[in-house]
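For reference, the structure is listed below as structure tokens.
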Amino acid sequence: MKKSSFVALIMGTVSGVLFALGMCMALLPEWNAFTEGIIFGAVGIVLSIITTLIWCKMENKKLPKMNGKNLFRIIYAVIAALVLGVGMCMCLVWEQIIWGTLVGLLGIIMLIALIPMIKGIK
């Protein structure tokens with residue numbers, strides 16, 4: 001594994017965990033930590049942007065251009081992640097195990113479909 005990939009892996013994991021923890025803190029009323037959750041989530045987003053910039057610098061690559069195709073991919077990824085999250089909420093919060101599992105699996109399939117969208121099929 002290259003050093004740039006390892007750095008991106010560690011920083012991406014930390015930023016993802018911070019963002020997820022922040023969203024849990026903000027959206028679960030039992031935790032009573034809305035403001036702190038927003039702060040954690042914002043730090044996670046900022047760290048993920050920094051991770052992308054550092055990885056591009058270490059790999060001597062330019063940032064991806066923001067064209068229609070990439071914008072569609074971003075919107076699709078956000079929707080797929082939300083579908084997965086709704087499935088998890090259905091299982092864990094609303095106690096609808098069967099439907100939550102099915103919706104969560106749909107979200108996972110949508111996220112897996114991102115791979116051929118981005119890399120293509122050869």
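Some points to look at:
- Environment charge at N60 (Cβ cut-off 15 Å; Lys +1, Arg +1, Asp -1, Glu -1): +4
- Charge dipole (debye, nearest 20) of the chain; +1 at Cβ of Lys and Arg, -1 at Cβ of Asp and Glu: 1020
- Between 0 and 90°, nearest 10: helix 97-112 axis offset from the chain longest Cα axis: 10
- Over 22 Å apart at the Cα level, from the set K3/K57; K65/K119; K2/K69; K3/K65; K3/K62, are K2/K69; K3/K65.
- Tilt relative to the chain, helix 34-59 - C-alpha long axis, 0 to 90 degrees, to 10: 20
- Stretchable slack from I121 to S4, in nm (0.36 nm times residue separation minus alpha-carbon distance): 39.6 nm
- Coil-residue GluC sites (Glu not before Pro) of the range 34-120, DSSP, other Cβ within 10 Å capped at 14: E95
- Fluctuation leader among L84, L92, L21 - the chain, Gaussian network, Cα springs under 10 angstrom: L92
- Degrees separating the helix 3-27 axis from the principal Cα axis of the chain, which is the longest one: 30
- Loop trypsin sites (Lys or Arg not before Pro), the range 29-101, which have at most 11 other Cβ atoms in a 10 Å radius of their Cβ (DSSP): K61, K62, K65
- Answer label for mean projected area of the Cα convex hull in nm² (calculated), chosen among (1) 9.4; (2) 8.8; (3) 8.0: (1)
Values quoted throughout were computed directly from the atomic coordinates according to the rules given, and no laboratory measurement underlies them. Since the structure is predicted, the reported quantities are computational estimates derived from the model, not experimental observations. When we count neighbours, we look across all protein chains shown, and the Cβ atoms used for this are built from the backbone with ideal geometry, even at glycine.
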